[in-house]
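The values are calculated or read from the model by the stated rules, or taken from the named source; none is laboratory data. Worth saying up front: this structure is predicted, and the values here are computed from it rather than measured. Here the Cβ positions follow ideal geometry from the backbone for every residue, glycine too, while neighbour counts run over all protein chains shown.
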Amino acid sequence: MNRWLLPEDIADILPAEAAKVEALRRLLLDLYQSYGYELVTPPLIEFLDSLLTGTGSDLNLQTFKLVDQLSGRTLGLRADMTPQVARIDAHLLNRDGVTRLCYAGSVVHARASITSSSREELQLGAEIYGCASLDADFEAISLLLQTLSLAGLKQIYLDLSHAGVLAGVLEGVSLAPAEIETLYTLLQSKDRPSLAAWSAVLPPNCAKALLALTHLNGPGTEVLKKARTGEFALPANTKVQESLLQLEALLRSISTLKSAAEMSIDLADLRGYQYHTGVMFAAYVADLAQPIARGGRYDQVGAAFGRARPATGFSLDLLTLASISRAPALRPAIRAPWLSDAALLAQISQLRLAGEVVIQLGEGEGFFSTQFQCDRELVRQDKNWVVTPLRSVK
């Protein structure tokens, strides 16, 4: 076996792509900091019971597991940083007011997800804790749209949903966890014949509403109208109607943004239903069949750590975002000879302190880079070293 071969769906990131990723990471974390988000870096590995607390079965299946030789307990390599950040807010920071946290770090999946061709992702995200109002949801969506805009993505499609709609439809109906998983799959795939057969044992009004969810997708205002009146009207209970009102309010707020995306609602898009408790959203771009980012409200995750806090936010894979973002221009650099000359080394040091890139090369050596382009050079004039336009490529 070749020693340089990597595991399936694991890959190196080479200089050109690594430069894009790092530039985006710095740019976006600076954006989040301008909103007051504080950077946290949870550990890559944790005890499994802590890592999976408050999450659904999907995350458990995606988590690599191993035994800790020190404690004998099962450890997990994180597949999602959001539960870790919720733990930090609830257990370590333990603040009373609103807390904004952001993060960027590697996550590893046991299998490549349908949204990625790699089992390793660089997850970037932002979360707001301690605010139960729609103001926090709107900020999260606004920040996500700015994130994609800064990455150079022009046409963004924002899809909204709400976990409260399904909770309202199922009000008074008791389903086992396995049945919820089946229902989730049928709604997600919009498999109406199978959904009709599966829901035949449920109360007729509930079964009818579940089928209606598969029809309630498209332009936001039209979907909300259909959800309230007509053939696909949903139950008029408090949970459903409050959820629809929240979606309506968010649509109005998002439409006021300068970089407003094309908005739609899909009330059957309930990925992460067990995880989320309120507004859910996904961002799409023309280059990808799957969402480039997902987010929403998850008020109950912190409860497992002893402190339930309102929470909302989003996350995305920075590697995927970098792969479809605009390529940065080559950074200009200064070529300098590789000499042990005190005056030369002092000048190089000053240039680097001033923010210039200075690349030393021996005489006759070629230079190849996907990040830098030498357009100037350091040459000796009398007793001084000065920067001049590059006379020829060496």
Restricting attention to segment 64-85, which residues are over 18 Å from the mean Cα position of the chain (by Cα), surrounded by 13 or more Cβ atoms within 10 Å (Cβ to Cβ) and under 23 Å from residue 303 (Cβ atoms)?
-> 74, 76
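Only one of 264, 253 is in contact (Cβ under 8 Å) with a residue 40 or more places away in the chain, closer than 30 Å to residue 149 by Cβ and assigned to a helix (DSSP H, G or I); which?
After applying the criteria, what remains is 253.
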Matching residues in segment 286-315 - criterion: being over 13 Å from residue 130 (Cα atoms) and within 14 Å of the chain's Cα centre (by Cα) | 290, 291, 292, 293, 294, 295, 296, 314, 315
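Listed here are the residues, each with its yes/no results for (1) outside the structural domain of residue 52 (by TED's automatic domain parsing); (2) in a loop (DSSP other than H, G, I, E, B); (3) over 17 Å from residue 294 (Cα atoms).
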| residue | (1), (2), (3) |
| --- | --- |
| 95 | no, yes, yes |
| 100 | no, no, yes |
| 105 | no, no, no |
| 110 | no, yes, yes |
| 118 | no, yes, yes |
| 122 | no, no, no |
| 127 | no, no, no |
Can you name the residue in segment 349-386 that is of a type in the set (A, V, I, L, M), surrounded by 15 or more Cβ atoms within 10 Å (Cβ to Cβ) and farther than 28 Å from residue 21 by Cβ and is also farthest from the chain's Cα centre (by Cα) among such residues?
-> 379
Of the residues in segment 190-223, those that are touching a Lys or Arg at 6+ places or on another chain (Cβ under 9 Å) and at positive phi come to 218
Of the conditions (1) more than 19 Å from residue 271 (Cβ to Cβ); (2) at pLDDT below 90; (3) of a type in the set (Phe, Trp, Tyr), residue 103 clears all except one; give me its number.
-> (2)
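Restricted to segment 146-193, and to residues that are among the small types (Gly, Ala, Ser) and surrounded by fewer than 13 Cβ atoms within 10 Å (Cβ to Cβ), which residue is nearest to the chain's Cα centre (by Cα)? Outline the logic, then answer.
Our first condition is that a residue be among the small types (Gly, Ala, Ser); within segment 146-193, this holds for 149, 151-152, 161, 163-164, 167-168, 172, 174, 176, 178, 189.
In the following step, the residues that additionally are surrounded by fewer than 13 Cβ atoms within 10 Å (Cβ to Cβ) were identified as 172, 174, 176, 178, 189.
Numbers: 172: 34, 174: 33, 176: 30, 178: 28, 189: 23 Å.
Residue satisfying both the conditions and the ranking: 189.
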Search result, residues across segment 90-114 that are surrounded by fewer than 16 Cβ atoms within 10 Å (Cβ to Cβ), within 25 Å of residue 261 (Cα to Cα) and in contact with an Asp or Glu (Cβ under 8 Å, 6 or more places away or on another chain) | none
Could you tell me whether residue 323 is among the hydroxyl-bearing types (Ser, Thr, Tyr) and more than 18 Å from the chain's Cα centre (by Cα)?
-> no
Output the residues belonging to segment 155-180 that are without any contact (Cβ under 8 Å) to a residue 24 or more places away in the chain and of a type in the set (Asp, Glu).
-> 179
Pick from segment 192-230, criterion without any contact (Cβ under 8 Å) to a residue 12 or more places away in the chain and not small (Gly, Ala, Ser), ranking: farthest from residue 268 (Cα to Cα) | 201
Of the listed residues (291, 332), the one being under 22 Å from residue 107 (Cα atoms) and out of contact with any helix residue (DSSP H, G or I) (no Cβ under 9 Å at 6 or more places or on another chain) is 291
Scope segment 14-35; condition part of a loop (DSSP other than H, G, I, E, B) and closer than 16 Å to residue 103 by Cβ; matching residues = 35
